[in-house]
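This report concerns only the one structure given below.
Throughout, read-outs are computed from the coordinates displayed, never taken from laboratory work. Bear in mind the structure is a predicted one, so any value in this text is a computation, not a measurement. Backbone-built Cβ (ideal geometry, glycine too); neighbour counts: all protein chains shown.
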Amino acid sequence: MTSFSTTHKWDKKFVKLDLRTKKVVLKKIDKIVENPLLGKPLHKPLQNRYSERVEKLRIIYKYLAGHVTFLYFEDRGHVY
């Protein structure tokens, strides 16, 4: 089973989300943990990272050696 963790930046933003958005993001986290290569691979300078869409948000995460690290999420226009 794939393990996961979040960054401090992720945690600070996550607590500010409304309840409905939190539920949607948590569902997407479950899907990513089940299949870490689900997201779109990013190019330089964000290589070795993946992006997955959740409504208007983009989740940026890193998958390495059976561990997913959720780095941050942001509105689509500001994430990259």
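Name the residue that is surrounded by the fewest Cβ atoms within 10 Å (Cβ to Cβ), counting only residues in the stretch 26-60 that are touching a helix residue (DSSP H, G or I) at 6+ places or on another chain (Cβ under 8 Å) and among the β-branched types (Val, Ile, Thr).
Let us first name the residues in the stretch 26-60 that are touching a helix residue (DSSP H, G or I) at 6+ places or on another chain (Cβ under 8 Å), namely 31-32, 38-39, 50, 52, 54-55, 57, 59.
After this cut, where a residue has to be among the β-branched types (Val, Ile, Thr) as well, the list is 32, 54, 59.
On the way: ILE32: 22, VAL54: 17, ILE59: 21.
The selected residue is VAL54.
Could you pull out the residue among LYS44, LYS16, LYS9 that is closer than 14 Å to TYR72 by Cβ, of a type in the set (D, E, K, R) and in a loop (DSSP other than H, G, I, E, B)? Please lay out each step first, then the result.
Numbers: LYS44 fails: closer than 14 Å to TYR72 by Cβ; LYS9 fails: in a loop (DSSP other than H, G, I, E, B).
Residue meeting the stated conditions: LYS16.
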Next item on the list: Write out, first by first residue and then by second, each pair whose Cβ atoms fall under 9 Å of each other, whose residues are 6+ apart or on separate chains, and whose first residue, in the stretch 45-64, is free of Cβ contacts under 8 Å to residues at least 24 places away in the same chain while the second is assigned to a loop (DSSP other than H, G, I, E, B) and aliphatic (A, V, I, L, M).
Entry: ASN48/LEU42; ARG49/LEU42; TYR50/LEU42; ARG58/VAL79; ILE60/LEU42; ILE60/LEU46; ILE60/VAL79
Notebook entry, point to check: Going through the stretch 10-25 one residue at a time, which ones are surrounded by fewer than 17 Cβ atoms within 10 Å (Cβ to Cβ) and in contact (Cβ under 8 Å) with a residue 60 or more places away in the chain?
Noted result: LYS13
Notebook entry, point to check: Looking only at residues in the stretch 1-46 that are of a type in the set (D, E, K, R) and in contact with a Leu (Cβ under 8 Å, 6 or more places away or on another chain), which one is farthest from GLY66 (Cα to Cα)?
Noted result: LYS9
Notebook entry, point to check: Going through the stretch 19-39 one residue at a time, which ones are farther than 14 Å from PHE73 by Cβ and touching a strand residue (DSSP E or B) at 6+ places or on another chain (Cβ under 9 Å)?
Noted result: LYS31, VAL33, PRO36, LEU37, LEU38
Item checked: Total residues in the stretch 51-68, condition farther than 13 Å from THR2 by Cβ, touching a strand residue (DSSP E or B) at 6+ places or on another chain (Cβ under 6 Å) and not charged (D, E, K, R) -> 4
Note to self: Here are the criteria: (1) surrounded by fewer than 15 Cβ atoms within 10 Å (Cβ to Cβ); (2) touching a strand residue (DSSP E or B) at 6+ places or on another chain (Cβ under 6 Å). Tell me which single one LEU71 does not satisfy.
What the structure shows: (1)
